[in-house]
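One structure below.
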Amino acid sequence: MEDDIETDEAFARKLDLEDPLAKFRERFYIPNGNIYVDGNSLGLLCKDSEDSIHNVLNEWRTLGIGGWLEAKRPWFYFAEQIGAMCSSLVGAEPNEVVLTGTTTINIHQLVNTFYEPHHDRRKIIADELDFPSDIYALRSILKLRGMNPDRDLILAPSVNGRILDENDVVRLMDEEVAMVFLPSVLYRSGQLLDLRFLTEEAHKRDIMIGFDCCHSVGAVPHYFDKWGVDFALWCGYKYLNGGPGSTAFLYVNKKHFGHEPALAGWFGYVKEKQFDMSFRFEHAETAGGWQISSPAILGSAPLEGALKILLEAGIEPIRAKSLKMTSYLTSLVDAVLSGNPFNFSVGTPREVARRGGHVAVEHEEALRIGEALRSRGVVPDFRPPNIIRIAPIALYNTYHEIWQVVRHIKEIIEKREYERYSKQRKAIS
Ligand SMILES: Cc1ncc(COP(=O)(O)O)c(C=O)c1O
């Protein structure tokens, strides 16, 4: 346990009183007054997003097709403008980020664009703890390109089923590797990888490198330009609070703007000439060039309001609070829930530089304890085999909520409450 952390309720209250970001909570809707610690899966709706959705609906009602150019934020430029809003969160220039597609579509778009196998250099490195959709996409890309995924997709091994050692990834970067594509934060353990180190090592060997940053953007600052990352993508619905299935983002380093996008579509066209309707594809030399279709304005609108709050709060203060909260939670689990009869452990790295925005609390009865927590009005999520993921979100969670989560877990074990629940998983847990 960290020295300066105390386990009593008064200490949690004190941390809340000292919290410079506490004022943002009232701009969010907290469902049913629950303790919502699942913002790493689906962030909550804020009033600013609700306003931006209403604006778009209003403009559709009153302007019809005119909204493409006459809306307050013209829909024709919406994707580029919201991308620009997001760019400072990832250390990019405004035209290096665009709001488009979905995470998995953007993987197809960017990996296909930058995967250029030649001679013996044809392998892609991912890792064995990856999110499944990324692996499905990589395997299908290799198949479509005439490669053999069983041979050409290399999964960096985990040290212990929870975390990766970046040096193990580097050891795999040989002259047969064309690309490395990794997550920024592992979705189960919450380990934050050293993106700068991995990028440097890949580039020393002439390997392209890109990242899936779904579990870090909005919680952790990134410096893509400074690090020289080639490309990245991330969803809008976790720490960015863009709503279920909202539009995603992609980043292309400006040094690659001249590169032809692999999946061409008319919204990637040079904007001034898109409506010339020429058959010869001329892509915009910005991240916008990697768009395919008309932007889904209704699925994008919430991000305008949500990003407004994130920028107002600032990504550095958000990261500072997030780390303070995850440290506090980890210390409470150590102090209150380790040892008999509780037997919980923390699977997330202790070092702050290796930690994303959530904490993986492990227990062999994680599934049923998660159910018992939900009955008590606490919303975490479960990831097999034994992980309760708890994400204290800097913009809307309190330290007192974290303290309560731990108290609830303690009582659930003491009263063996979890035994009332089925071991059968629901479709979504
Ligand atoms: C790390 C990661 N990659 C990819 C995905 C898939 O995202 P989408 O459904 O937006 O394609 C998710 C979804 O949660 C994810 O967490």
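Side notes on the structure shown:
- Selection of region 272-293 for residues being touching an Asp or Glu at 6+ places or on another chain (Cβ under 8 Å), in a helix (DSSP H, G or I) and open to solvent by 10 Å² or more (accessible area, probe 1.4 Å) yields only LYS273.
- Looking only at region 111-136, and only at residues there that are in a helix (DSSP H, G or I) and within 13 Å of the ligand (Cβ to nearest atom), the one that is surrounded by the fewest Cβ atoms within 10 Å (Cβ to Cβ): PRO132
- Condition check for TYR328: aromatic (Phe, Trp, Tyr), farther than 24 Å from LEU195 by Cα and touching a Cys at 6+ places or on another chain (Cβ under 9 Å): no
- Cβ pairs under 8 Å, 6+ apart, first in region 74-92 and touching a residue at least 60 places away in the same chain (Cβ under 8 Å) and of a type in the set (Val, Ile, Thr), second open to solvent by less than 40 Å² (accessible area, probe 1.4 Å) and part of a helix (DSSP H, G or I): ILE82/SER300; ILE82/LEU303; ILE82/GLU304; ILE82/LEU307; VAL90/PHE224
- Failed condition for ALA79, given (1) of a type outside the set (Val, Ile, Thr); (2) at pLDDT 95 or above; (3) open to solvent by 20 Å² or more (accessible area, probe 1.4 Å): (3)
- SER140 being within 11 Å of the ligand (Cβ to nearest atom) and surrounded by fewer than 18 Cβ atoms within 10 Å (Cβ to Cβ): no
- Members of region 230-248 that are near the ligand (Cβ under 8 Å from one of its atoms) and open to solvent by 10 Å² or more (accessible area, probe 1.4 Å): TYR237, LYS238, GLY245
- Test: residue in region 335-343 that is closer than 30 Å to ILE315 by Cα, modelled with pLDDT of 95 or more and open to solvent by less than 40 Å² (accessible area, probe 1.4 Å): no
Each row is one residue, and each column tells you yes or no for (1) of a type in the set (Phe, Trp, Tyr); (2) over 19 Å from TRP266 (Cβ atoms); (3) within 20 Å of the chain's Cα centre (by Cα); (4) open to solvent by 20 Å² or more (accessible area, probe 1.4 Å).
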site: LEU57; (1), (2), (3), (4): no, yes, no, yes
site: ARG61; (1), (2), (3), (4): no, yes, no, yes
site: ILE65; (1), (2), (3), (4): no, no, no, yes
site: ARG73; (1), (2), (3), (4): no, yes, no, yes
site: ALA84; (1), (2), (3), (4): no, yes, yes, yes
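- Residue in region 331-352 that is closer than 20 Å to LYS238 by Cα, touching a helix residue (DSSP H, G or I) at 6+ places or on another chain (Cβ under 7 Å) and not in a loop (DSSP other than H, G, I, E, B) present: no
- ILE388 being in contact (Cβ under 8 Å) with a residue 40 or more places away in the chain and either buried (at least 16 other Cβ atoms within 10 Å of the Cβ) or closer than 16 Å to PHE344 by Cα (or both): no
- Of everything listed in (1) within 19 Å of THR348 (Cβ to Cβ); (2) within 12 Å of the ligand (Cβ to nearest atom); (3) surrounded by fewer than 23 Cβ atoms within 10 Å (Cβ to Cβ), the single unmet condition for PRO183 is (3).
- In region 146-164, residue nearest to the ligand (Cβ to nearest atom) [restricted to those that are more than 21 Å from the chain's Cα centre (by Cα) and surrounded by 14 or more Cβ atoms within 10 Å (Cβ to Cβ)]: LEU153
- Index of the failed condition, ARG162 passing every other in (1) under 21 Å from LEU263 (Cα atoms); (2) assigned to a loop (DSSP other than H, G, I, E, B): (1)
- Among the residues of region 86-110, those that are farther than 15 Å from PHE267 by Cβ and within 16 Å of the ligand (Cβ to nearest atom) comprise CYS86, VAL90, THR103, THR104, ILE107, HIS108, LEU110.
- Against the criterion of being touching a residue at least 12 places away in the same chain (Cβ under 8 Å) and among the acidic types (Asp, Glu), ASP212 qualifies.
The values are calculated or read from the model by the stated rules, or taken from the named source; none is laboratory data. In this text, all values refer to a predicted model and were calculated from it rather than measured experimentally. Counting neighbours? That spans all protein chains shown, and the Cβs are built from the backbone with ideal geometry, glycine included. Protein only, heavy atoms only, side chains kept; ligands, DNA and RNA dropped before computing areas. Shrake-Rupley method; radii C 1.70, N 1.55, O 1.52, S 1.80 Å.
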